[in-house]
Amino acid sequence: MGWDGDGVLAGRYRNLGRIGQGGMGAVWRAHDLDLDREVAIKELQVPEQVTDQERRVWYARMEREARAAARLRHTGIVTVYDRVMGDDGRPWIVMELVRGRSLEQLLAEQGSLPQSQVAAIGLAMLDALSAAHAQGVVHRDVKPANVLLEGGRVLLTDFGIAAVEGDVTITRSGTVLGTPAYMSPEQVEGKSVTPASDLWSLAATLYAAVEGRRPFDGPSHGAVFVAIATQQPPTPRCGGPLAQVLNGLLRKDPDERLSPAQVRDLLASALAPAVETAVETAADVRSPVPYQPPRTALLHPSASDTPLRRYRTALLRAALLCTALSVLTFLTVPWRQHHPESALEEYWGSSPLLLLPTAVALILMCGLWFLPHRPILTLALVSTTLVGHQIEVVIHFADSWVAPNLGFQISWVLGTLAFMLVFTPMNLSLAGQVADPSMRRAVLTIAVLVEGLVAMFWVVPFYRVGTWVLDLAASPRLVPFLILLGLIWLGTQPFIWSSKLRAEVTRR
């Protein structure tokens, strides 16, 4: 029994389309005609090469796991509503329809997530796994694709098909089942799987979320298996309690891994700075009731209270635009007094190949325009483009004395704006790495002062090399204008780091 000619399963569930397809099955969206609600239906698809006996075993295992999953009652676990048996003995699992996206999809878009957000997701996953383990159910395939995010909810899914996949690491024909990068060492070695195996996979999932890469990887499944069994993952860059969770769970021996209680305490500690900042923010508006945000509230920070986060994309794109304009202005407008030619004309007359680095930089900026969530890459490209362009000028032109003309001055100012624009979201990320408030203030104070000086006088070092002389006296309005920009840079910092925005800093 399957979908009939009218697209109805078991006379009750009308097919509304396929949601996803995996190696072991498909997920369909359907309408429950009896209860007038939409549901998700999972169809098990056994590989054709298995024997009839193996097929029956897999059906029996899925049936057993479906019954176990149906007993679970937890807000962090996708609810099983029904089980429909086909004529061939194949079970179809009717489950809650989650209208959201997976953690895997979120990471594909953003690369990595803030520590506090990862800690909140980890706590929700730990609660769900603990509820399952209490009922004797081991998930056995915890991974970002099986973590669903719906509003403020974090849900674990695939307690049915995935449990069957986790029962056998490799089929007799040599086909790998499951997701090797998130398997525990005991799964790789074909040993008994316990709740500690789920905790390993939980840590591997959180590692991928906060670090932006999987803890174990390789060119093939075999290479990944070897890495899991014999190597240690790269040291987490996140530091703090979250790193302790990752290091404490990614241990080869299941008996040496942290207990759920220890993991819960450490993840709660990773959330503590965000909770403290939220309480401070509530105190700023004199709320009569102390504010304690729910853990899942950190999954989707409020954009209405964090204008800096809302405009981060605009800031980084504006930095790229200022960089491009700075280079183009320098090339097309006469840049030295008493020299009517533009740099573009001089380059072209000498060798058109001198313009190749500039063309490559502009192409890279066009590509980075569509990756506004990568401030480090943006800073690297802005710095390389502006600095590299000035180095090329110093090397190519033999003059020992330079009096900046209009093109030079405009290019300088645009470069200053580009650095200031890209430094702002970079400071947001920097502050998110420091949990102690006093230390964070000290780090930001030093960073802002150094960044201001770098942004204002980024051109000067390249004309102090050798016998070069940069005659700023020939441009009497340039230095006061740069100082004005520096004062504006310092003056905007109290607003950027106001109490209303400190919650965003901690989340980042």
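The values are calculated or read from the model by the stated rules, or taken from the named source; none is laboratory data. Keep in mind that what you see is a predicted model, and the values were worked out from it rather than measured. Don't worry about glycine lacking a Cβ; one is built from the backbone with ideal geometry, like all the others, and counts go over all protein chains shown.
Report yes if I41 is within 15 Å of W92 (Cβ to Cβ), surrounded by fewer than 16 Cβ atoms within 10 Å (Cβ to Cβ) and touching a residue at least 12 places away in the same chain (Cβ under 8 Å), otherwise no.
Against the criterion (within 15 Å of W92 (Cβ to Cβ), surrounded by fewer than 16 Cβ atoms within 10 Å (Cβ to Cβ) and touching a residue at least 12 places away in the same chain (Cβ under 8 Å)), I41 does not qualify.
Kindly provide the set of residues from the range 57-91 that are surrounded by 14 or more Cβ atoms within 10 Å (Cβ to Cβ) and more than 24 Å from Q135 (Cα to Cα), ordered by number.
Selection gives G86, R90.
How many residues are in a loop (DSSP other than H, G, I, E, B) and either on the phi > 0 side of the Ramachandran plot or aromatic (F, W, Y) (or both) if we restrict to the range 57-75?
0
Please give the helices (runs of 4 or more DSSP H) falling wholly within the range 142-261 in which 1 or more residues are modelled with pLDDT of 95 or more and crowded, with 21+ Cβ neighbours inside 10 Å.
Those helices (runs of 4 or more DSSP H) span 195-211, 240-249.
Here is a check on your reading of the model: is A70 under 24 Å from N15 (Cβ atoms) and at pLDDT 75 or above?
Yes, satisfied.
Being closer than 24 Å to S201 by Cβ and not charged (D, E, K, R): is that true of Q53 here?
no
Being under 16 Å from V188 (Cα atoms) and of a type in the set (V, I, T) is the filter here; which residues of the range 208-256 pass it?
V224, V226, I228, T230
Just checking: which of the helices (runs of 4 or more DSSP H) contained wholly in the range 412-508 hold 3 or more residues that are within 18 Å of L315 (Cα to Cα), of a type outside the set (S, T, Y) and at pLDDT 70 or above?
437-456, 478-496
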